[in-house]
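Worksheet: the structure to be examined is printed underneath.
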Amino acid sequence: MLNIVLFGPPGAGKGTVAKKLARQENIVHLSTGDMLREEIERASALGKEAEQLIARGALVPDETVVAMVREFVKRKMPCNGFIFDGFPRTTEQAEALDAIMTAQGTAITMMIALEVSEDEIIRRMLNRAAIEGRPDDTMDVIRQRIATYHEKIQITSGYYRAQNKYRTADSSRTPEYTLQQILSIIQQAGRATT
Ligand code: ADP
């Protein structure tokens with residue numbers, strides 16, 4: 001299986017690239033942000049709990065997100081692999097993901113972090129706010145989410161770096177360009193999907 005953890009600051013184009021990669025490699029895309037927004041829309045208990053945290057750019061508790069991911073993975077097995085988008089964001093989540101993968105007889109192949117400058121991030125996000133109207137795409141919350149991101153990437157990249165599973169891709173150009181880089185990183189790692 002090919003199991004990728006995709007990381008990127010808000011506005012890096014992570015969602016777009018993840019969807020393209022999932023299609024290209026025939027693997028399942030899992031976005032914890034999308035899953036949480038669906039829960040909010042459904043006004044479920046989980047959604048109500050998550051709503052205020054998300055609105056101020058804070059993280060949802062580990063147990064909540066981990067339980068959501070565990071159920072999703074179980075439901076999608078068997079498959080060719082996964083692309084985890086926005087997860088794990090803490091060491092606890094990373095350890096839990098390893099356990100989830102082990103239980104399915106597989107493992108995380110690598111983590112890929114998208115790199116883009118802060119000015120470009122803010123430019124893209126204000127653009128997106130004008131189009132999608134996400135309530136957490138305001139200047140203050142954007143800054144908070146970028147700060148939270150920098151904090152979280154240190155933790156998560158350290159976790160995968162220690163296992164020699166950490167790679168970076170330039171995300172300052174087009175999504176297609178980013179995707180090509182990711183595909184060559186995967187190829188270099190000598191992983192073939194079946
Ligand atoms: P972005 O990466 O653009 O901030 P996401 O859609 O990945 O957007 O996440 C939006 C929000 O959902 C986050 O700011 C956070 O509050 C919550 N969230 C998403 N994934 C996680 C996670 N793995 N752990 C905790 N909270 C999460």
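Rule-based calculations on the coordinates, nothing more; no lab input. Remember, predicted model here, so these are calculated numbers, not experimental data. Ideal geometry is used to build each Cβ from the backbone, glycine not excepted, and the neighbour counts take in all protein chains shown.
The table that follows gives values for the structure above.
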read-out	value
Assigned charges on the beta-carbon of Lys, Arg, Asp, Glu; the chain dipole about Cα centre (debye)	480
Choice from Gln180, Gln163, Gln93 showing the highest fluctuation, given a GNM over the chain with Cα pairs closer than 10 Å	Gln163
Candidate lysines for bridging to Lys74, where Cα separation is under 16 Å - those fewer than 8 sequence places away on the same chain excluded	none
When the convex hull of its Cα atoms is projected in every direction, mean area for the chain (nm²)	10.3
Packing rank of 97-107, 22-32, where each peptide gets the mean count of other beta carbons within 10 Å, highest leading	22-32, 97-107
